[in-house]
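Some notes on the structure that comes next.
Nothing in this text is a laboratory measurement; each read-out follows from the coordinates by a stated rule. Given the structure is predicted, the values throughout are model-derived calculations rather than measurements. FYI the Cβ positions are ideal-geometry reconstructions off the backbone, even for glycines, and counts take in every protein chain you see.
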Amino acid sequence: MSSLVVQSGRRLRGRLAGEPVGFLALIVVGAYALVACGVWLGWWGSEWSALAGPGWAAPSAEHWLGTNRLGQDILARALAATATAFEIGVLVAVVTTAIGGLAGGLSGYFSDGWPDEVLLWLMGTLDAIPFYLLVAALAFALHGHPWAMHLAMIATFWTTTARLVRAETQRIRRLPFIEAARVAGLLPRSIIVRHILPNTAHILLVQATLVFIAAIKVEVVLSFLGIGTQDSISWGVMIAEGAQDILAGQYGNFVVASLFLFGLVMAFSLFADQLQDSLDPRTQDSRWQPHG
């Protein structure tokens, strides 16, 4: 496992060094992460809800990107919304990847038994429901709960990861080192956790990055519709406000939130592509061997 991670890390550094676009994307993602950390530490963005000036003030030395209808600083709100995006993206990505990995490992290892049948039925049921309709319905049903949106996304995002891990587990479980583990008397639980899941790390890491992006985009859509973020600021809330401001000829809220969202999603998508190329065994120059 450790040698696989080190090998993949070296390959990723090599690819980023030879791919200016991927390297620039990583820098942009790092800059967004620093902005989010600054908000959490109280360095900036903490006054996002304060009425700091006149309504719809033009950009100035005091308000670099102007103010909204209520006189709230647009830059402070955009910075605070960056922290909200990272909070939701990281939490949903980590929990979803963990659930999907464990479910996929269990389903793939027992692909001829009832655990696989139950999990396949559950995944098929969730996948049959229109995605945004299901997420919106769950978020609306849990309206008022601070974790409503998180739970809604976690409940729907794990299925893709589980399917990918299931397919990889079915391949890995036939390899000699898994047979040796069975002969040695290891329990299925130990085999899945210690031998199978570590060899699906390339899938889990890539899926985590994709879920991170998807969670941010879904949060923006739900917040725009009024069933997302309830007690904090997000780019979706700013875009919803901006849609009303446009009728009055004011574009600050809409443009700033859209650019912040576009920058993070585009940069993280490019970085995810590089990560997938580096971690996918099928793209390795040398033959990839599982680590038991």
- Message: How far apart, in nanometres, would the label points at CYS37 and ALA180 be if each is projected 7 angstrom from Cα along the Cα-to-Cβ direction?
- Response: 4.1 nm
- Item | Dipole of the chain, positive direction: furthest Cα of PHE224, PRO59, LEU106, with charges on the beta-carbon | LEU106
- Rough spin-label spacing in nm, given labels placed 7 Å along Cα→Cβ, for TRP64 and ALA137: 4.4 nm
- Measure nothing fancy, just the Cα-based angle from helix 114-128's long axis to the longest principal axis of the chain, in degrees from 0 to 90, nearest 10. 30 degrees
- What ³J(HN,Hα) values, in whole Hz, does the Karplus curve 6.51 cos²θ - 1.76 cosθ + 1.60 give for the range 230-242 when θ = phi - 60°, with x put for Gly and Pro? 9, 10, 8, 9, 9, 5, x, 5, 5, 5, 4, 5, x
- If you average 1/r over all unlike Cα pairs in the chain and invert the result, what Kirkwood radius do you get in angstrom? 21.0 Å
- Message: Take VAL221 and THR125, extend 7 Å from each Cα along the Cα→Cβ direction, and tell me the distance between the two endpoints in nm.
- Response: 2.3 nm
- Message: Angle check, please: helix 148-172 long axis (alpha carbons) against the longest principal axis of the chain (alpha carbons), in degrees 0 to 90, nearest 10.
- Response: 30 degrees
- Task: At 0.36 nm per residue, minus the direct Cα-Cα distance, what do TRP114 and ALA98 gain on full extension? Give it in nm, one decimal, please.
- Result: 3.6 nm
- Any idea what angle helix 74-109 forms with the longest principal axis of the chain, computed on alpha-carbon atoms, 0 to 90 degrees, nearest 10? 20 degrees
